[in-house]
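Structure first, commentary second.
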Amino acid sequence: MTLSFSKYINTQARPPRKPERPITNLINFGKFSSIALTISTLAGLQAPANAAVVVNVSEVLGNVIFTGGGSLNLSDLGISVSTSFVNGFVNSQLGIYQGAGGGLFTPGSVFTSATFNGPTSFGTLGNFTADSTSGDFGGIRGGNNFPGVIVRDSYISGDPLSGTSVFNNQTLASMGLTPGIYKWTWGTTNPDSYQLIINSSSGPVSEAVPGPLPVLGAAAAFGFSRKLRKRIKRSANLVSSSSTYGR
């Protein structure tokens with residue numbers, strides 16, 4: 001005798017089965033996971049890159065202020081040119097910032113090497129001199145004419161630096177400063193960097209997102225979405241089966 005397996009199954013009494021997890025819980029879980037995924041992804045993407053010296057530029061109460069600090073490792077910078085620098089001098093078109101220092105001039109040097117690399121400018125206008133400066137002298141020189149790191153003659157590699165330059169009655173626009181994150185790097189044995197962050201008048205800027213990260217984030221979100229839809233569908237089928245068995 002041949003039995004119909006499907007008929008046998010349909011004629012057997014089955015106790016109702018409860019869904020593994022209520023659909024509402026699954027949906028809430030999905031929302032929570034999506035939020036957590038978004039927060040963790042944004043936190044990872046927006047984390048600023050490390051830099052030995054970081055200088056922030058902002059508009060504050062009608063003035064433009066350069067302020068920051070850190071330390072510089074000069075061991076991989078072997079070429080230098082000595083001269084006297086104007087304290088608190090900025091030329092964004094040539095990528096020059098000479099920060100802080102006491103008095104009007106500071107004897108110093110530009111250190112560079114073949115590994116020195118970075119933007120040639122951070123704005124569009126020429127020479128501006130700060131109305132007041134405080135702290136240690138130090139800065140960066142971009143452009144194409146002997147770019148490098150600027151320090152006072154007495155600076156010892158690795159010493160801490162901190163300083164502030166204030167430009168009264170100026171705005172980012174009036175000084176030709178383009179909001180963004182500008183980073184200069186150098187060295188292979190002892191790599192180091194100098195970072196200038198020009199914040200927009202509406203708030204802080206974020207570092208550019210590396211290319212592969214959004215792709216990975218989208219793939220992860222897509223994969224999670226597929227899994228969630230499958231679990232919701234399976235849970236809905238179980239609910240439907242339970243209702244049929246209970247009749």
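One table, with the values for the structure above:
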| item | result |
| --- | --- |
| Karplus 3J(HN,Hα) series, Hz, for segment 63-77 with 6.51 cos²θ - 1.76 cosθ + 1.60 (x for Gly, Pro) | 10, 10, 10, 9, 8, x, x, x, 8, 10, 9, 9, 4, 8, 10 |
| Segment 116-163, accessible area per residue, ligands and nucleic acids excluded (1.4 Å, Å²) | 48 Å² |
| Share of carbon and sulfur in the accessible heavy-atom surface of segment 52-177 [1.4 Å probe, %] | 53 percent |
| Order by protection proxy (mean Cβ within 10 Å, highest first), peptides 94-100, 190-196 | 94-100, 190-196 |
| Amide H contacts under 5 Å for residue 92, placed H, 5+ residues apart | 125 |
| In sequence order, calculated HN-Hα J values of segment 110-120 (Karplus, 6.51, -1.76, 1.60; Hz; x Gly/Pro) | 9, 9, 8, 6, 5, 8, 5, 8, x, x, 8 |
| Charge context of residue 71, other residues only, Cβ under 15 angstrom, K/R +1, D/E -1 | -3 |
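The values are calculated or read from the model by the stated rules, or taken from the named source; none is laboratory data. All of these numbers come straight from a predicted model, not from anything done at the bench. Neighbour counts run over all protein chains shown; Cβ positions are idealised from the backbone, glycine included. Protein only, heavy atoms only, side chains kept; ligands, DNA and RNA dropped before computing areas. Shrake-Rupley method; radii C 1.70, N 1.55, O 1.52, S 1.80 Å.
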